[in-house]
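These notes concern the structure reproduced below.
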Amino acid sequence: MVLLQRPHILLLLIGTHQFLQCWIAFGSVNEEGQKQEEFSEELLLKPLPDHKLLAHFHFQSSGPPSTSNGCHHHLFPKAISQLVQKFRIKEMELSFTKGRWNYESWGGFDPLSSSNAKPPGVELWAVFDVPQHHIDASWKNLTHTLSGLFCASINFLESTATYSTPEWSFPPASGNVTYGTLPCEAVCTENLTPWLKLLPCRDKAGIALLLDRPSLYRGFYHSQQLHLTSTGSSSEGIDSGIILEQTLTVVLQPNSEMAIEVHASEKHIQPSWSLSSIFGKQVSGRCVLAKPSSVYLLLDRGLPAANGLTSENFWSNPSFELSANPDRIFLEESSSHSKSLSILYMFQVEKYCESEPFDIGLMWKVPVAWLCQQTPLHASRFLMGSGNERAAIAISLKSTQFTEGFMSANSKDGSCELRVDVFQVVPWYVKVYFHSLRVFVDQQPRAVSDIIEKIHVSPSKDKMSPGVMEVVLKLPCRVNTAALTIEFDKGFLRIDEYLPDANQGFDIPSAIISFPNFHASMVFLEDDSLNKSPLLSKFQEKCPVMSYTEVLLVPLTTPDFSMPYNVITITCTVFALYFGSLLNVLQRRVAEEERFLKAKAAKKTGRLPLLLSKLSAKLRGRRLEPLHSPPSSSSFINSKLVLKVILVAGLAVGWQYFFS
Amino acid sequence: MAETKEKSLSDEKPKPRVRPIVRLGIFLISHSFHVSVVCCTAGVLALFLLPVLAKNTYISENALMPGSASPMLSNQHVSDGNRLVKDLTNPNSKSSETGIESHKIIAQYMLDLGAEVSFHKFHPQMNQFHPLHFFSSPDSGKIQENYSCSSYGINTVGIIRAPHGDGKEAIVLVTPYNALKSGFGEALSLGIAYSVFSLLTQVTWLAKDIIWLVADSQYGEYAAVAAWLREYQTPKFSSLSTPNAEMCPDVNNLFELKGHSISGSKFSNSFRRAGTMASALVLKVRDQNEQFEDTISIYAEASNGQMPNLDLINVVNYLAVHRQGLRVNVEKLWSLLNSSWLKSLGEIFESLAKVAKSLYPKWKFGIPATEYVEGTATLASSLYYQALGVPTGPHGAFRDYQVDAITLEISPKFSLDKVWRNDILLRGGRLIEGVIRSVNNLLEKFHQSFFLYLLTSPSKFVSVGVYMIAFAFLIAPLPMVAASLYVDANSSSNCSKGDSSTPSAITDTDEHSIAIRSWRWLNSAKLVFIVHLWGAIVSLLPYFISQIPDCSPTTSFMIWVLLSILSLLTLNSVLASPLACAKATQEKEWALVKSVTISSVFIGLGLMSVINFATAEIGALLMVPMCLLAQPLKLDVRAGTLRSFCRMICNLVLGHIAFPPAALFLLKGMLDGFGNANVGDFWMWVESLWAWNSATYLFIVEVTYIFSHG
């Protein structure tokens, strides 16, 4: 084992050696006792009710304060630290997501889903530690940098028409948040590779070895995030450096022999899986640089209860079988709002090596069914209306009945209210009429002032800034359904403002529905080792419960894009005609005058015949000799000519026909 | 422009310098009779030439790539579909009176596949005759009145979410199904849809969500689909019918039962949505069929002559013919197929083409006579249905929301044995799979190919650029004749003035009279306007008549006729008295009236051709000869020559034929024999015309009618 690991160590040695040399060259000496750079790798597996499996990779690197060691790092990616220093980022999150998080069956109330369910495409938000008037410039530079760093078109977020600054309805961060999304960004391996490059072991060792591209992208949901927190450059307070969290959440179908399984009698049985069957790979030891390197298996809150699991018998479990023995088992601390508790099995990767790779498998013995805990209200959003002129956005909230008891516990002095924050950004070409906001509660129209406690609206400016709507709704706790509708006009764009594939339609980014009264957290029974795990300590934090709605596709009127060509040709024709006739007029004037005099002198014939003769003369393309040729003769000549032509043509046709 | 120039020319002394284009205009106007004869003939001829000029269809959008992937629908899926067909045709499932059982079976099957299922309960909303709603978009409907519990339909909706997609777009598959008296064909169509659906739950290439709508067709296929679409696109959040629905035990029962029996959360009784609809396919299987091949009929005409994008038809046609070996046909006017004159016309064209080809080998425009006849029959039905403006199937409801949709009707050969059934399931399923896969490939919505076209066969079409030529020929004489009539009227009165008054008339009175004369057309315009107003009133009357309860079509038609005459008389007595005196003084006024009418007809037809070409074309065929031939009867009678007599007869015949009831009567008589034609039919017909063409017909016809009678 040691022999096999030698190359890595050797590489590391060389690396550190170089670093050392570097330090010596700069003449600075690292102090003892300072905070060390740390890296942790963790993987959390969680079976989902609809026969799928969630895998959540969590890598965290923390860099010490920049003042302590200059611009040099052992583990921490230099690109990120430079980014933070240059743009003075306090906090930033970038997520690339493909697919939709299914709030109904995958839940929305646990910390895992509320922080890892993201809207499709790219979402970026950042808090800068710069004066207000510098934020735009910082944002612009940041988007360009990130776009280069992650091979994505994040630079489209630079224009002021694409990002907004939510004031209070964006729960993950408060303060001067700048928020932008690109719903139509396609996410693929080219975004994953630079993301992996930030890890010290990349995907060559440790848990990241599991990141097999084909099986990852075959999944139903794929969200790759980068979260940065820094207190490094703040003028006051404790300097804790930069913390970089890289998470990757995928939802996979364990084995795809569903077709066979459908007709089997035990079709409700959950599919069995193992790491090697899902990812096609096994973990052969940890990344040597990672301090905690562990794999967790999380059984959701509903599952143990459905399973008949209690804290007594979870060791000898009848309903499923684990292929590896867990190193530790944690039980969730009982909380007020759920009776059943989740169970966490922990496996330490350190124990395994290449000859004995780590592979955990779960085999179900009996069919189980459970439901994930959902957000108090399930939000969905859709477009109403038809046609190219007007439409309406509707956000409908439906009670999930899941948190009923919880809500009643929350109610104080009889009047129970459920607070819902809605944050909606609309692009400028969707011209929202904010006065047309309507609220329906339990299918009854309600006055806006009754339900809406607070509203903040910043109307869009054409080509300048998007429209932002932040609403705080106060709904009664027993609400079944609620709906918000708002009408808008579809704007016209200039031809160069259309995106590629304009006929697809334009996206309205997801709205964020958050429930400030609720917090999702998962506190496990106290243990020392827990504090070391960044993933679990993150679970213990109270994170806001929020959900993203669907992205909407608004078909706008699109021009025929071959139209410029048509316009150019027709304009040229018109110009040619115009100038031709103009020149004609300018040139002809003297001659016309002469002829006018002549005609006046000789005018005895009727007007109409004269005109006709002129016309026929004109039609024949001769110079005008109206004075002496009577109209009858001219028409006679005309018909004669036509006859001749017809005769010749007929002859030719006959000849051809006869001889062919 | 030509008209004004002409006026100034004829009024003033001749200007020597005349622009060539003006000269051309004058030439045409002065020879308006010959020009109009030539143009009209050319127009009609061009119309008959359209089948010859039809081009082969081609797939314009490259992203569609039909048939590039081999079909994945296997026998496994077919046997799944067969299972559903068996369960549905099982007599046990029909025990319930409302047919809820079979909906439950379908829902259960969908759930087993892992799809999201919901029921949509709707009250049938009859298509009322609303002439006043022509321009309003499909609204969310009135607040529905008290419906009884018994009259509701249930649509079963299953949705597959695309595993990798972002859920912005959806493809809809519709199978109409009447649970109460379903034929075997309907069950088979469900079987086909189910086998495709079961395949699509497993595939990984889906980028758009799939919605399978089992439309409850006991109140009509269109009504069910339209109700679902209305709920999808313009839902009412404040519904007053919910308490009503809760009182109905049956419905609740349905929902509750489902909720209990299914442990998963995939079922919900709330309305479920997917994203913007990209396109829709309506699938039907016909029960009986006399044909010897498996054929598939495509119905595409939606309301008001709107057509889906040609690419959709192309994809279906391509896959059906080249992949599944099905024969594709589109609707034809069958009666035209056996007409001998058409055949001889086709032969003439064929021989002409032969001659042309022998002259110059590159001229290849001929088609065989039989093909010509078929093409003409298809073209005629295409024109007819587009002009009628009544959708030919449930797909019409989608077009109201700018969704491209067609109806596919599979007519299988015969027999009911298992092998044959499997074969139909397999081929039909693969066809649907291929179409869905093609549409799924689309990044943008359908926009590449034509929206304005007429089909002459499933693989041949006439595009807008070609068929407009025929129409342009047909209406080209109208402005010329109008101009020449106007000039004639002006100049003749000018001449008479010149004869009566001395040449040394005082200039200012002359100018004054000129001013009066130049505004004289306003009088006739007023007359025309009044007649149009009457026409509008007549066309709006049915709306009020339809409010009268319990009327047989015949009586309501009678009421309509009576009211129309009554309104004409009132209008005449109220408004027409100044006109009468004007008419008394001016015998020559009719020419002006005619010219104003013709120009208004021209404008009307021109506008109509933009909105609905087929209506304009048929209208032009009827109205242009009538407008051109119209002449006061009194004058003809007075003239007494043979020519004027002929013209009078023509006028009378044309005037009667072109009157819509008469036209319909004749058409029906020609097609079905005169025996079963009925006045009530016209009422039904008009009621079915919620397009606004009836109004145009009526008033224009009436205009000519009036002044042809003096």
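Buried accessible surface for the A/B chain pair comes to about 4900 Å², total over both chains, computed with a 1.4 Å probe.
In the stretch A:356-394, burial by the other protein chains removes 40 Å² or more of accessible area from A:Phe382, A:Met384, A:Gly385, A:Ser386, compared with the chain on its own (1.4 Å probe, ligands and nucleic acids ignored). Based on every Cα atom in the stretch A:87-147, Rg and the maximum pairwise Cα distance Dmax equal 14.8, 44 Å. When the solvent-accessible area of the stretch A:113-236 is split by element, carbon and sulfur atoms take up 53 percent of it, the probe being 1.4 Å.
Solvent exposure of the stretch B:257-389, expressed per residue, is 45 Å² of accessible area, with all protein chains present and a 1.4 angstrom probe. Distance between the 7 Å Cα→Cβ label points at A:Val366 and A:Lys454: 5.0 nm. Along its three principal directions, the equivalent ellipsoid of the stretch B:190-233 from the Cα gyration tensor extends over semi-axes of 25, 14, 5 Å, largest first.
Given R0 = 22 Å, the distance between the Cβ atoms of B:Gln288 and B:Asn338 translates into a calculated FRET efficiency of 0.45. Within the accessible area of the stretch A:455-539, the carbon and sulfur atoms contribute 54%, probe 1.4 Å, all protein chains present. Across the stretch B:378-447, the volume of the C-alpha convex hull divided among the residues equals 132 Å³ per residue.
Remark: accessible surface ordering of A:Thr557, A:Thr249 (largest first) is A:Thr557, A:Thr249, probe radius 1.4 Å.
List for the stretch A:532-554: residues with 20 Å² or greater reduction in accessible area, all protein chains versus chain alone, probe 1.4 Å? Flagged in the stretch A:532-554: A:Val551, A:Leu553. In a fully extended conformation the segment linking A:Gln82 and A:Arg478 would gain 137.5 nm over its present Cα-Cα distance, using 0.36 nm per residue. Taking every protein chain into account, the accessible area of the stretch A:109-152 amounts to 30 square angstrom per residue (probe 1.4 Å).
With R₀ set to 60 Å, the beta-carbon distance separating B:Ser60 from B:Leu533 gives a calculated FRET efficiency near 0.85. Full extension of the segment from A:Asn638 to A:His133, taken as 0.36 nm per residue of separation minus the current Cα-Cα distance, would add 173.6 nm.
The Cα-based radius of gyration of the stretch A:458-589, divided by its Kirkwood radius, gives an Rg/Rh of 1.34. Shape class of the stretch A:119-256 from the Cα gyration tensor (axes a ≥ b ≥ c, square roots of the eigenvalues): prolate, since a/c reaches 1.5 or more and a/b is larger than b/c. May I ask for log10 I(q)/I(0) of the stretch B:344-488 at q = 0.08, 0.11, 0.15 Å⁻¹, from a Debye sum over the Cα atoms as equal point scatterers with solvent left out? At q = 0.08, 0.11, 0.15 Å⁻¹ the computed log10 ratios are -0.42, -0.74, -1.12.
Label-to-label distance for A:Arg328 and B:Trp363 is 9.4 nm, based on points extended 7 Å past Cα in the beta-carbon direction. Accessible-area loss of 50 Å² or more (1.4 Å probe, protein heavy atoms, chain alone versus all protein chains) is found in the stretch B:150-172 for B:Pro163, B:His164, B:Asp166, B:Lys168.
Taken along the Cα-to-beta-carbon direction at a fixed 7 Å, the label points for B:Trp205 and B:Ser151 span 4.7 nm.
Stokes-Einstein diffusion for the stretch B:168-211, with the hydrodynamic radius set to the Kirkwood value over Cα pairs and evaluated at 10 °C in a medium of 1.306 mPa s, equals 136 µm²/s.
Accessible surface of the stretch B:150-193, 1.4 Å probe: 55 percent of it comes from carbon and sulfur atoms.
Projected onto the charge dipole of the stretch B:316-406 (+1 at Lys/Arg Cβ, -1 at Asp/Glu Cβ, origin at the Cα centre), which of B:Gln324, B:Ser335, B:Ser381 gives the Cα projection farthest towards the positive end? Positive-end residue among those listed: B:Gln324.
The values are calculated or read from the model by the stated rules, or taken from the named source; none is laboratory data. These numbers were taken from a predicted model, which means no experiment stands behind them. No Cβ is skipped: glycine too gets one built from the backbone with ideal geometry, and neighbour counts run over all protein chains shown. With ligands, DNA and RNA removed, areas are computed over all heavy atoms of the protein, side chains included. Shrake-Rupley method; radii C 1.70, N 1.55, O 1.52, S 1.80 Å.
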